[in-house]
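Everything below concerns the one structure shown next.
The values are calculated or read from the model by the stated rules, or taken from the named source; none is laboratory data. Not measured: the values here are computed from a predicted model. Note that we place each Cβ from the backbone using ideal geometry, even for glycine, and neighbour counts take in every protein chain shown. Ligands, DNA and RNA are stripped out before the accessible areas are found, and what is left, the full protein with its side chains, is counted by its heavy atoms. Shrake-Rupley method; radii C 1.70, N 1.55, O 1.52, S 1.80 Å.
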Amino acid sequence: GDLRLQNEPKEVPAGLCVLLVEDEPLIAIDGDDILRAMGVDEVVCVRTVADGMNALATRQFHAALLDLRLGQESSIPLAQHLASINLPFGFLTGFRDNAIPPELRDRPVVAKPFTPTQLSELLLSLSARLDRASLRRDAGF
């Protein structure tokens, strides 16, 4: 196999729309670049739980990546909402802490600072849970 490809972000299904919840602008920009390089169609970056809820109410997403700590607030309420609507998501965090409640501890976690490979593997694991048929249906939406 071509070794070079192992460091390149892997491709995701076409038409993917991802919610990136991150309060640090540089990390958000970095994440946005990596996701787009993987072939994500649309990345919507928000900085607060309220903005995340708003985004979810107004458009269709296929996956979400949440920074666990958003300034003074935690993204856990948003994560619980995502779990309730069955939207695949994972956490990004610079903390090795117990802030993740037990019912969400089975979700994937990537430590910050993340590498493009870690972020792309996280998204691939999330997109693998997507129903391909629903993805095709949403493409016309």
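How much FRET efficiency would the formula 1/(1 + (r/R0)^6) give for residue 37 and residue 59, where r is the Cβ-Cβ distance and R0 is 22 Å, rounded to 0.05? Computed FRET efficiency for residue 37 and residue 59 comes out at 0.50.
Could you run the Debye sum over the Cα atoms of segment 24-88, one equal point scatterer each and no solvent, and tell me log10 of I(q)/I(0) at q = 0.18, 0.24, 0.25 Å⁻¹, two decimals? So the normalised log intensities work out to -0.68, -1.18, -1.26. Over all pairs of distinct alpha carbons, what does the Kirkwood formula give as the hydrodynamic radius of segment 15-56, in Å? With all distinct Cα pairs of segment 15-56 included, I get 10.4 Å. Judged by the gyration tensor of its Cα atoms, with axes a ≥ b ≥ c, segment 26-132 is rounded; a/c sits under the 1.5 cut. With every protein chain in place and a 1.4 angstrom probe, the accessible-area ranking of 117, 58, 93, largest first, reads 58, 117, 93. Among the trypsin sites (Lys or Arg not before Pro) in segment 49-106, those located in a DSSP loop and surrounded by at most 15 other Cβ atoms within 10 Å of their own Cβ are 59, 96, 105. In a fully extended conformation the segment linking residue 107 and residue 129 would gain 6.7 nm over its present Cα-Cα distance, using 0.36 nm per residue.
The 3J(HN,Hα) values that the Karplus relation (6.51, -1.76, 1.60; θ = phi - 60°) gives for segment 48-64 are, in residue order, 9, 4, 4, 5, x, 4, 4, 4, 5, 6, 9, 8, 9, 10, 9, 7, 9 Hz. Gly and Pro appear as x.
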